[in-house]
């Protein structure tokens, strides 16, 4: 059986012809499409906590056993679905990359939030291991603060998670290390 339906939008009428079987195939295709499409991972690295210098704890060793790349870390910090650090934190070094006459650079590097502390000079305030813990689990780094910052390398501690994204971490171990590498460049 074939049926036709008019779809009206933006002042245009378009005839859509579907067979009985194609609506089922379309529904199944929509159902299978994952909303976790930016590389969120289900692999959570194990790590040891040790005494920190400025915080009670730190994660002294890289989660993946190797240092990250600062240039790639910037990419994750401004990525609107993954790191998105600038949604809450202002970072002068990143803001300087936004050119007022270039909408693409403004969309990518501009529009910083001010609800969290600035990240300017963060590498002068915390050790590399402490920065790693802050990214991995800020609630463990700041137990006395009711922070809204998510744990970026955890598959738990989240509320109202989209079904496809359950048991996924926002950032992989490699991406955490890239973000830490970029944060290490933010010295006073």
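Just so it is clear, none of the values below were taken in a lab; they were calculated from the coordinates. All values derive from a computational prediction rather than experimental measurement. A quick note on method: Cβ atoms are made from the backbone with ideal geometry, for glycine too, and the neighbour counts reach across all protein chains shown.
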Please give the per residue volume of the convex hull enclosing the alpha carbon atoms of region 33-124, rounded to a whole number of Å³.
142
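Full extension from residue 61 to residue 147: what is 0.36 nm times the residue separation minus their Cα-Cα distance, to one decimal in nm? Show your work: numbers first, answer last.
On the way: separation 86, 0.36 × 86 = 30.96 nm, distance 2.42 nm.
Result for the pair: 28.5 nm of gain on full extension.
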Cα-based equivalent ellipsoid, region 38-183: semi-axes from gyration tensor eigenvalues, Å
24, 19, 15
How high is the FRET efficiency from residue 188 to residue 139, r the C-beta distance, R0 22 Å, rounded to 0.05?
0.25
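Under the 0.36 nm per residue contour assumption, what length would be gained going from the current alpha-carbon distance of residue 127 and residue 69 to full extension? Spell out each step's value before the answer.
On the way: separation 58, 0.36 × 58 = 20.88 nm, distance 1.70 nm.
Result: 19.2 nm gained on full extension.
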Using 0.36 nm times the number of residues separating residue 99 and residue 38, minus their current alpha carbon distance, what extension gain do you get?
19.3 nm
Once you put a point 7 Å from the Cα of residue 46 and another 7 Å from the Cα of residue 111, both along the Cβ direction, what distance in nm separates them?
4.2
